[in-house]
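Asks: Mind having a look at this structure? Questions to follow.
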Amino acid sequence: MLIIFGASGDLTARKLIPGLFNLYVAQQLPENFVVLGASRSDMTDEEFRDKVVNKSPYLKEKLEDLKDNYVKGFTDRIFYEDLGSDYTAEYSGLAKRIETLNVDSGTESNYMFYFSTPPSLYEPIAKNLADAGLNSQEKGWKRLIVEKPFGYSLESAKILNNGLQQYFKEPQIYRIDHYLGKETVQNLLVTRFSNSIFEPLWNRNYIHHVEITNAESVGVEKRGGYYDKSGALRDMFQNHLMQIVSLVVMEPPIGDQPEEIRNEKVKALKSLRIMQDEKTLFDHTIRAQYVASEINGEKVKGYREEDGVDPNSITETYAAVKFFVDNWRWHGVPFYVRTAKRMPTKVTEVIIHFKTPHHQIFKDSGVSSKDNKLIIRIQPDEGVLIKFGVKVPGQGFKVERANLDFYYSSLAQTYVMEAYERLLLDAMQGDATLYARADEVEAAWEFVDPILDYWKNGKDVRMYGYAAGVWGPENSDELIDDLGYWRNPGE
Ligand code: BG6
């Protein structure tokens, strides 16, 4: 049974229920599966079913395509419990409802609690569950899934971890990072560790630098209030991008078991060089905000004009960081990672830039061997691209750049699960590989905290502006200036 706290919120209707519905249609859900939504809104089962299924804008198209029996079969498994005015009030009513559903549906006391609430409620909810005996694994398993943001800083992440761990054991806690549910993010592991052609080159001897770009064309949309207290570094960098970094940096795990992989990821995150002195922080970080602009003839608001945003806000919508990894493999290789809203397009990619060969015999050929790149396109156009030089037919040795390009869409017959589908299914099956462990989250905060602190309290901290719809502030190339420029996809 999946019990969702905060079930009247957007995430349930937008991601969780559609994800479950797809799994149901693909016959991936256990036969006795049921969902119990819980929140402070006063709703009946029927009203909740209408909200998240029958009248949900997120399922509209799908429902039109499907036969009614699927829809009814799915909707009949959805229930709702009103928690009253307060999540912190005791849960005897909820426990009774869970037990009734358990007996009626035969879910064998296997419960997955999904916390889709503000993090301040995680500990009180966990405590109430424990008080009602709902953390005990004597009969059936009990798991918690917690949403991001997991903490606001290292200290608050530790408080959250300790709070949850008082009532549930670490292996019962699943911290979600939806980037880990993306096929292409998981494919980083496969690219590296199931081929013999990349791994021998995956080190300081052959790699010149690593670039990771995460760009979104949207602004803060309706989330100005939340975003203004968060910013790009907390919203994207500390979690999603640090996860990608860990998969690029990590050493080969000894096997594919969750702890084997997670141990290596933690080790990778712990090897990132923490920036402490102001000079390094000044030279190696850039933050900026989008300002009003016109995109394709349409006026676009600047960040400070967005609803819910303080007109004097100094929250960044663009963050770029240069850093090094202090271990044998990566010594001296710079990493450049950036994330931003209101860029020209939505794209996430990892670019491995290879070094120039030691002795170049075709140096006047027109193409630099620095053009050797491996580009892992996380989204969209999911795939892998290798750029290399080929000889132009004819006299002499003129070299031209060529591409070896693989698109996931060419695997048309394979059903590619959405991130949330994959993650929910994994948690039901007790596979925590794609979830963040407590020490992993804390290691990522340890790296990010000094940057946040510098941006808040440092001297001479810059805040640039960039017109909505361009690749960040002009000065952003400064960060990467020993190399010249960022690779802007599509340019
Ligand atoms: C979320 C952030 O975690 O990820 C959002 O809070 C962001 O601000 C979103 O838009 C991006 O996710 P995706 O999967 O669209 O790249």
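Asks: Which one of these is more than 20 Å from the chain's Cα centre (by Cα) and polar (S, T, N, Q): Ser246, Ser271, Ser217?
Replies: Step by step, each of Ser246, Ser271, Ser217 is checked, and only Ser271 is more than 20 Å from the chain's Cα centre (by Cα) and polar (S, T, N, Q).
Asks: Considering only segment 412-430, how many residues are assigned to a loop (DSSP other than H, G, I, E, B), within 16 Å of Lys182 (Cβ to Cβ) and either outside the structural domain of Glu259 (by the TED database) or not β-branched (Val, Ile, Thr) (or both)?
Replies: 3
Asks: Given the options Val190, Val220, Val185, name the one that is more than 18 Å from Ile351 (Cα to Cα), modelled with pLDDT under 95 and among the aliphatic types (A, V, I, L, M).
Replies: Val220
Asks: Kindly provide the set of residues from segment 172-202 that are out of contact with any strand residue (DSSP E or B) (no Cβ under 9 Å at 6 or more places or on another chain) and farther than 18 Å from His240 by Cα, ordered by number.
Replies: Selection gives Val190, Arg192, Phe193, Ser194, Asn195, Ser196, Ile197, Glu199, Pro200.
Asks: Turning to a different aspect of this structure: Out of Asn187, Asn203, Asn214, which single residue is within 12 Å of the ligand (Cβ to nearest atom), touching a residue at least 40 places away in the same chain (Cβ under 8 Å), closer than 30 Å to Gly472 by Cβ and outside the structural domain of Pro124 (by the TED database)?
Replies: Selected residue: Asn214, the only one of Asn187, Asn203, Asn214 that is within 12 Å of the ligand (Cβ to nearest atom), touching a residue at least 40 places away in the same chain (Cβ under 8 Å), closer than 30 Å to Gly472 by Cβ and outside the structural domain of Pro124 (by the TED database).
Asks: Right, another one. Looking at Ala288, Ala215, Ala268, Ala232, which one is crowded, with 18+ Cβ neighbours inside 10 Å and closer than 21 Å to Gly332 by Cβ?
Replies: Exactly one of Ala288, Ala215, Ala268, Ala232 is crowded, with 18+ Cβ neighbours inside 10 Å and closer than 21 Å to Gly332 by Cβ, namely Ala268.
For (1) away from the ligand (no atom under 12 Å from the Cβ); (2) under 22 Å from the mean Cα position of the chain (by Cα); (3) at pLDDT 95 or above; (4) surrounded by fewer than 23 Cβ atoms within 10 Å (Cβ to Cβ), each residue gets a yes or a no:
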| site | (1), (2), (3), (4) |
| --- | --- |
| Val210 | yes, yes, yes, yes |
| Gly225 | yes, yes, no, yes |
| His240 | no, yes, yes, yes |
| Arg304 | yes, no, yes, yes |
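Asks: Of the residues Leu164, Leu94, Leu129, which is surrounded by 21 or more Cβ atoms within 10 Å (Cβ to Cβ) and not assigned by the TED database to the domain that holds Arg14?
Replies: Leu164
Asks: Just to be sure, is Phe79 farther than 17 Å from Ala427 by Cβ, modelled with pLDDT of 95 or more and in contact with an Asp or Glu (Cβ under 7 Å, 6 or more places away or on another chain)?
Replies: Criteria met by Phe79.
Asks: So, Ser246, is that one surrounded by fewer than 19 Cβ atoms within 10 Å (Cβ to Cβ), away from the ligand (no atom under 16 Å from the Cβ), farther than 18 Å from Trp455 by Cβ and of a type in the set (Ser, Thr, Tyr) or not?
Replies: Against the criterion (surrounded by fewer than 19 Cβ atoms within 10 Å (Cβ to Cβ), away from the ligand (no atom under 16 Å from the Cβ), farther than 18 Å from Trp455 by Cβ and of a type in the set (Ser, Thr, Tyr)), Ser246 does not qualify.
Asks: Between a first residue in segment 164-182 that is farther than 16 Å from Glu440 by Cβ and a second residue that is of a type in the set (Gly, Ala, Ser) and more than 16 Å from the ligand (Cβ to nearest atom), which pairs have beta carbons less than 9 Å apart while being 6 or more apart in sequence or on different chains?
Replies: Correct list of pairs: Gln166/Ala126; Gln166/Ala130; Tyr167/Ala126; Tyr167/Ala130; Phe168/Ala126; Phe168/Ala130.
Asks: Name the one entry in Glu251, Glu221, Glu260 that is without any contact (Cβ under 8 Å) to a residue 60 or more places away in the chain and part of a loop (DSSP other than H, G, I, E, B).
Replies: Glu221
Asks: Okay, moving on. Working only within segment 203-247, note down all residues that are at positive phi and touching a strand residue (DSSP E or B) at 6+ places or on another chain (Cβ under 8 Å).
Replies: Passing the criteria: only Gly231.
Asks: Hey, does segment 148-165 have a residue that's within 16 Å of the ligand (Cβ to nearest atom), in contact with a strand residue (DSSP E or B) (Cβ under 7 Å, 6 or more places away or on another chain) and modelled with pLDDT under 95?
Replies: Among the residues of segment 148-165, at least one is within 16 Å of the ligand (Cβ to nearest atom), in contact with a strand residue (DSSP E or B) (Cβ under 7 Å, 6 or more places away or on another chain) and modelled with pLDDT under 95, which makes the answer yes.
Asks: Given the criteria out of contact with any strand residue (DSSP E or B) (no Cβ under 7 Å at 6 or more places or on another chain) and loosely packed, with under 15 Cβ neighbours inside 10 Å, does Gln257 qualify?
Replies: Spelling it out, Gln257 is indeed out of contact with any strand residue (DSSP E or B) (no Cβ under 7 Å at 6 or more places or on another chain) and loosely packed, with under 15 Cβ neighbours inside 10 Å.
Asks: Being more than 30 Å from Leu434 (Cβ to Cβ) and among the hydrophobic types (A, V, I, L, M, F, W, C) is the filter; apply it to segment 393-417 and report the residue that is surrounded by the fewest Cβ atoms within 10 Å (Cβ to Cβ).
Replies: Phe397
Asks: If you don't mind, there's one more thing I want to ask. Taking segment 326-351, which residues are under 26 Å from Gly383 (Cα atoms), away from the ligand (no atom under 16 Å from the Cβ) and either buried (at least 22 other Cβ atoms within 10 Å of the Cβ) or of a type in the set (S, T, N, Q) (or both)?
Replies: The answer is Trp330, Tyr336.
Asks: Can you tell me which of (1) among the β-branched types (Val, Ile, Thr); (2) out of contact with any Leu (no Cβ under 7 Å at 6 or more places or on another chain); (3) more than 21 Å from Lys139 (Cβ to Cβ) is the one Ile4 doesn't meet?
Replies: Unmet for Ile4, out of (1) among the β-branched types (Val, Ile, Thr); (2) out of contact with any Leu (no Cβ under 7 Å at 6 or more places or on another chain); (3) more than 21 Å from Lys139 (Cβ to Cβ): (2).
Asks: Can you tell which of Ser109, Ser116, Ser136 is of a type in the set (Ser, Thr, Tyr) and within 27 Å of the chain's Cα centre (by Cα)?
Replies: Result of the check over Ser109, Ser116, Ser136: Ser116.
Asks: Ok, one more. Identify, by number, the condition in (1) free of Cβ contacts under 8 Å to residues at least 40 places away in the same chain; (2) assigned by the TED database to the domain that holds Asn263 that Gly140 doesn't meet.
Replies: (2)
The values are calculated or read from the model by the stated rules, or taken from the named source; none is laboratory data. This is a predicted model, so every value here is computed, not measured. Note that we place each Cβ from the backbone using ideal geometry, even for glycine, and neighbour counts take in every protein chain shown.
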